[in-house]
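Every number in this text was worked out from the coordinates using simple rules, so none of it is lab data. Just so it is clear, the structure is predicted and the values come from calculations on it, not from any experiment. Please note: Cβ atoms are built from the backbone with ideal geometry, for glycine as well, and neighbour counts cover all protein chains shown.
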Amino acid sequence: MPRWVPRAIVLFWLGFLGTVLVRELWDRLFGFLLLLVIALFIALAIEPGTNRLARRGMKRGVATGLILAAVALVAASFVAVMGALVADQASELSNNRDQYVVDVVGFLNDTFGTEFDSAEILDSLDDPNGPMREFLNSQANRAVQLGVSAFSTLFQVFSILLFTFYFAADGPRLRRTICSWLRPQRQRVVLDVWELAVEKTGGYLSSRAVLAVVSSFLHWIAFQAIGTPAPIALALWVGVVSQFLPVIGIYVAGALPLLLTVIDSPLKALFVLGFIVIYQQIENFLIAPKITAQKMQLHAGVAFASAIVGGAVLGPIGAILGLPAAAVIQGVLSSVGERYEVVETGESGGE
C-alpha cells in the first residue's frame, strides 16, 4: 500500500467530520447570525447620526441610545396605532355583523348574479356546530403558541437593539480592532468599504423614508376621497409597509385597507384596489427610480433583482437587506479596476 493512502483516508474522514460539524453549527447558529446581520445593518444606518451628535460633544453611547430610543418610540407608536385600528374595526364588525353580511351578500348577488341567502349564512355563523364555530375553536387552541411566539419575537427585538447599540457605540473601536490585524494597505480597503456601507445603508433608509412619506400622503388623499375608515392610519400602513418590505410589501400593505373597506362597502374596495394598483405602477416607473438613483446610485433593475435574490436567500429580511448590499457591492466594484473611454461605432442610437 502506498504511504499516502492512510494519510488520504485520515484527511478524508477529518474533512467529512469537519463538514458535518460546520453544518450542524450553522443550523444551530443561523438565527443568531441573522440577528447580528440585522443589528449591523441598523448600526450602519444610524452611525451618521451618532457621529454628528458625538462631534457636538455628546458621548457615543448616549447618542446611540437616544437614536435607538427615538426609533423604538416611532415603531411602537406605529404598532399601537395600527393595533387600535384593527381592534376598533373588529369591534365594529362584531357589533354590526348582520348588516355587513346582508350588504356583502346583496352586492355579490347584484354584481355577479349569484343567489346567496344572507339568512342561511347568518344561521351558519350562529350554529354552535357550524364551520365558523369549529374554526374559532380550532384557533383558540393556538393562543398559547401565539403567546410564546410573541415573547420570542420580543426577545429577538431586544437582542437586535442591544447588538445595534454595541456596534454603533463602539464603531470606531471595532474598526481599529479589525484594522490592527491587517497590513496598512488592507486597512485602507476595510475603512473605505466601511464608509461606503454607511453611505449606502443611510441612502437606502432615507430613500425608503422619502418614498414612504410620498406614498402615505397620496394614499391619504385617495382614502379620504373614497371614504375609507381611518384614512390616515391606513395611509401610514400602506406607505410604511410597502416601502420597507420590498417585492411583497405592496400586497401585504394593500390587504388591510381592502379588508376594512370591503366590510363597509365592496364598491369602495374596488376603488381602493384600483388606486393601489395604479399608484404602484406610477411609483415603480416614475417616482422610485429617480429617488433610488439619487440616494443610492442604484439602477432600478438592479434594486429589484437584489430584493428578489435577498428574499430567496434570507426571506423578507434578505429582501430588505438586499438593496443596500447590492449598492455596496456596486460601489466596491466601481472603485476597482481601470476604466477606458468607449469607442464610438455609430450604432449607439444617439445615446
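Quick notes on this structure:
- Signed unit charges on C-beta, dipole axis of the chain, positive-most listed residue Ile9, Gly147, Ser94: Ile9
- Sorted by Cβ neighbour density within 10 Å, fewest at the top, the residues Asp127, Asp103: Asp127, Asp103
- The chain: calculated mean residue ellipticity at 222 nm from DSSP helix runs of at least 4, using -39500 (n - 2.57): -29000 deg cm²/dmol
- In terms of packing, defined here as the mean over residues of other Cβ atoms within 10 angstrom, the peptides 251-260, 230-239 line up highest first as 230-239, 251-260.
- Projecting label points 7 angstrom from Cα along Cα→Cβ for Leu29 and Val342 puts them 4.5 nm apart.
- R0 of 25 Å, Cβ-Cβ distance Ala225-Ala87: FRET efficiency to nearest 0.05: 0.45
- Seen against the Cα atoms of the chain and their longest principal axis, helix 249-264 is set at about 10 degrees.
- Annotation: extensible slack from Ser94 through Leu122 equals 8.8 nm (criterion: 0.36 nm per residue apart, minus Cα-Cα distance).
- With q set to 0.15 Å⁻¹, the log10 of I(q)/I(0) for the range 202-334, from the Debye formula over equal scatterers at the Cα positions, is -0.70.
- As a size descriptor, the averaged projected area of the C-alpha convex hull of the chain was calculated at 31.9 nm².
- Measuring between their Cα centroids, the range 146-209 and the range 8-65 lie 8 Å from each other.
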